[in-house]
Structures are given as C-alpha cells and as structure tokens.
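Beneath this line is the structure, given in structure tokens, with notes to follow.
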Amino acid sequence: MKLIGPLAAIVVCATLILPRLATAQTAPAMQVPIPKTAADVAGPVPGNTTTSAYVQLVGRMAYVWGYPMVNAHNRRAAFAEAPEPGLLGGVVPVAPVGYNQMLTDYIKPEETFIVCPNQDVAYGAGFTALDKEPTVVQVPDFGDRFYVYALYDQRTDEIGRIGQQYGTKPGFYMIVGPRWTGELPKGITAAIRSSTDLVFVVPRIFKESTPEDTAAVQPVIDQVVMYPLSQFDGTMKRKDYRKSPHFPVPTAGPHTPKGESRWVNPATYYEELPVVMKEVPPLPGEEALYRWIASVWEAAAKNPDTKKALVEAFVAAEKELVEPLFQFQYNGRPIGNGWTVPANAAEWGTDYLNRTAISKSSMYQNTAAETQYNLREFDSEGKLLDGSNQYTVTFAKGQVPPVKGFWSLTLYNEEKFFFPNALNRFSLGTKNKTLKYAADGSLTLYLGAKSPGTDNEPNWIPAPAGRFSLILRLYWPEASALSGAWSPPDVKKIN
C-alpha cells in the first residue's frame, strides 16, 4: 500500500502537467503581423487632438509637396477659359482643354506669363482631360529637323517618348487616361497611358533664326494638331496657325505680383489641394503621405482655429520655402565651374524638393536625355551676375556643348524674362550662323549691358544694367554631358 501512494501521486501530477505542456506547444506565436501592403498600416484617425505647431508643420510640408500639382491644375483651368485655340496677348499659345495651339516663330520677347522661355524653338501647348476621352496628337514628317513632344502628367513627370531622338514615325498617337480600357483605333500608331487625366503637351520644334527657315518650318507646324479622339478620321488635319486669333490679357490689379503669373495662391490652397489629391493618385509608397495630409484637413474642417493655423502655414511656406527656389542656386546640384543642373528633371518621382524648385523657377523642363539645363546666377568669383559688369564664357577648341540636337545660351533679367534690347537678341547658339571663332578655334560669348566692341558684337548677348541669370540648354546632349565628363566653362568678369 505504501508503494501505491507514491505511484498514484506521480500519475496525478503527470495528468496535471501534460495538458499544460500540450497547451504550450499548440499555442499560437505571439507575433504581430508584419504589414505587407499600405492597407495593412495604421494611419491617423479623425478626431485626434493636436497643436497649432503640428498643424503648421504638416501644412508647410503639404504646400511644398503639392505645389507643382496645384500649379498644373490651375494652369489647365486658365486654358479652359480660351474660347478657341489662339494667342493670349498675341504672344502665349492657349487652347481649350483637349486642343492645342502652336507658335509660328520664336516666342516674343515681351512675353511675361511664363518664365525662362527660349528662342530656339517654335513652342506649342495644350492640356488634356482624359477622364472625358482620349486625346489624339499628330506627328508630321519633320525630316531632319529636331523636334520633341514633351508630355507631362499632373506631377510634371514626362510620360511619353516622342521626338527625333526616339526615331518616332510620322502618324497619329493617342494619350489615354488611367481608366481607359478601349481598343487601339485603326490608324492610331500607339497609345501613351497617363496615370493622371491631366496631361500637358508641349511640342518644341527647332528653327534657325532666319526668315527663310521660319517660312520653311510652317508646313510641319501647321500639322502639329491635337484633338479629342471623337474627331479622329484618319486624315492629317492642318491648321494655319498664322491666322490664329488673339485674346486680350486680363486687366492686372494693383496687387498683381511682379514676375510670372501666380499659379499657386496660399489663400486658396486649402480648397485646391484636396481636389488635386483626388485627381492625382498616390505613387507607390505615397499612400501614408496622403492620409497624413488628409487627417489635418479633416481636423481643419471641424475647427476654425485649426484651419487658420493651416492657412498661415501656407503663407509662411510660400515666403520661406518656395520663393527662395526661384533662385537657380537652389535648383538641382552643382556640376562644376559654378553651374547647377536639376536632378531627375521631368522624372521627379519622390524628389519633391527639385520638383517644386523647377515648378517655381522654370516649369516644365524636359528630361535630361532630351535637354540638359545648366543654370547660372553667379560669376567665377561667387558674385551675382550684374549687367553693369562685362563677362565672358569661352568654349575651348572642340569644347562647344556636345549635342546631337542643338545648344543655346539664354540670358534672362531678374524676373527670368527676356531683356528687350536694340539687337533683339536674347540667346546665342546653334541657330546663329554669324558667331565668330578665334584663330585658335575657341568660341567666346560676351555678356553685359555695354557692347564689347564692334568686332565682338556677333558674340554678344545684351544684359540689363542689373541682375541677370543664364540657362545653357543642350538639346539631345551627348553622353559626355550627361556623365559630367564635359561641363560648361566658367563665367568670368573681365572689368
């Protein structure tokens, strides 16, 4: 009997322990599921309490982030007011949404709507509304003439590759929106899909600065036409753009800002950004950013003080964060000899700083492979360029900008517009056939308010007697320019 007692105790203990062991072995792991998609990640919820400083932090960030998209939205709204394709003030191409307008020559020097134009190409412009229907873009036979059609979505990224350097065949091309599911119509060469319904189409056609070439380019310019798909009939439409109507410029008010037309306004940004965020879907990884911004807007809709703090943040962001980006020194990255080049041009992705900087200083640049934009506002001594001085830019023998297309050096006044001058000259480059080379094969260009002398005047770009800036454009740049093996020469003061 004494043996049975201990055995019974062992059996009882085993009976109690074994279920516990079994339970421990079969219990689920204490692992919180690791998020695998954006939908798995928790985000801000409505009703959170917050501080004015936090609201202003998000507001300033949202202003810098959304600036280019609101900019594009408002430009399209302005185009929509055009009764038909034509020229605003006789100088700027505008057209109703879904259509385009072309210039027949260089943009006129009195243009003060869009900063940093050039006088190397005949420009065109037109916006789409792809939620309504696809847009057809005609590409005529340009022969050996350089051309490129830049197609920008609402983020100001390029979405297509149409141009001489891409070997584009003449024909009809169609731009479709993110939800389009139709079949490619007969006669359409290819479709280009955009992730946004807004696309800005900007054809650029090279033209030499002679009356003869201006006349020679008209037949192809007249075939650069875009229109809604419902109007496509398989024939190459033509329009005599020289007969385009002119529209009066709206009367400027006493508080109209100096410089380019103001496309983003802190006072209306609160209402505009949510509209734009519905128009532009988030890039992969931006979903959390969208929800973060939306949470503060939701709070502002319920609390006047929160909204007030948000609007104050927009005003501060415009002054402290965006306005300084108008200066080229804050555009892109240094490439040597005092020049900067925008990074990720027209392929911004999440490079929000450069995207907004170019939106502020020179909206709608081409990709680097299409055009390298070299920017400059300082001389070799680090001082601001000033027309009261004289400067030289000297390309050594064989070192003119390496391009397969063309190049030009353009001078702008303090507001980044052309400086009207007696020579009616605003840039020099490939288009100019009277440039003088030195005996050693070098090419020196002169910049300043005063003439460098009769012998050097063919190489002179007149400047205002004050601040000015420069853009050296390389259309279809060679690999040496893109890699940095070649860089622009310095800008040197000579007096």
ask   = Given the conditions (1) surrounded by fewer than 17 Cβ atoms within 10 Å (Cβ to Cβ); (2) within 28 Å of L474 (Cα to Cα), which single one is not true for M236?
value = (2)
key: Out of A267, A191, A215, sole residue that is assigned to a strand (DSSP E or B) and either open to solvent by 20 Å² or more (accessible area, probe 1.4 Å) or modelled with pLDDT under 95 (or both)   = A191
Selected residue (criterion: most open to solvent (accessible area, probe 1.4 Å)) from residues of segment 444-463 that are free of Cβ contacts under 8 Å to residues at least 24 places away in the same chain and not in a helix (DSSP H, G or I) = S451
key: Looking only at segment 97-107, and only at residues there that are farther than 20 Å from A216 by Cβ and not aromatic (F, W, Y), the one that is most open to solvent (accessible area, probe 1.4 Å)   = V97
request  = Just name the residue that is surrounded by the most Cβ atoms within 10 Å (Cβ to Cβ) out of those in segment 324-357 that are of a type in the set (S, T, Y) and touching a residue at least 60 places away in the same chain (Cβ under 8 Å).
outcome  = T356
request  = Run W486 past the list (1) of a type outside the set (S, T, Y); (2) under 28 Å from the mean Cα position of the chain (by Cα); (3) in a strand (DSSP E or B) and report the number of the one that doesn't hold.
outcome  = (3)
query = Out of the residues in segment 252-264 that are charged (D, E, K, R) and open to solvent by 70 Å² or more (accessible area, probe 1.4 Å), which is modelled with the lowest pLDDT?
reply = K258
task = List every residue pair whose Cβ atoms sit under 7 Å apart, with the two residues 6 or more apart in sequence or on different chains, where the first one lies in segment 290-314 and is touching a residue at least 12 places away in the same chain (Cβ under 8 Å) and the second, anywhere, is of a type in the set (D, E, K, R).
result = A300/K307; A313/R60
ask   = Within segment 408-438, how many residues turn out to be surrounded by 19 or more Cβ atoms within 10 Å (Cβ to Cβ) and either without any contact (Cβ under 8 Å) to a residue 40 or more places away in the chain or basic (K, R) (or both)?
value = 4
remark   = Residues in segment 68-96 that are in a helix (DSSP H, G or I) and open to solvent by less than 10 Å² (accessible area, probe 1.4 Å) total 5
request  = Might you let me know whether segment 282-291 holds any residue that is assigned to a helix (DSSP H, G or I), open to solvent by 50 Å² or more (accessible area, probe 1.4 Å) and under 30 Å from F417 (Cβ atoms)?
outcome  = no
inquiry  = Being touching a residue at least 24 places away in the same chain (Cβ under 8 Å), crowded, with 18+ Cβ neighbours inside 10 Å, in a strand (DSSP E or B) and small (G, A, S) is the requirement here; does G126 meet it?
reply    = yes
note = Scanning segment 298-355 for residues that are farther than 20 Å from D379 by Cβ, outside any loop (DSSP other than H, G, I, E, B) and polar (S, T, N, Q) gives T306, N354
task = Select, from G466, G441, G405, G387, the only residue that is over 26 Å from G336 (Cβ atoms) and open to solvent by less than 30 Å² (accessible area, probe 1.4 Å).
result = G466
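The values are calculated or read from the model by the stated rules, or taken from the named source; none is laboratory data. Predicted, not measured: the structure shown is a model, and the values here were computed from it. Because the Cβ atoms are built from the backbone with ideal geometry, glycine has one as well, and the counts that use them run over all protein chains shown. These accessible areas exclude ligands, DNA and RNA; they are computed on the full protein's heavy atoms, side chains included. Shrake-Rupley method; radii C 1.70, N 1.55, O 1.52, S 1.80 Å.
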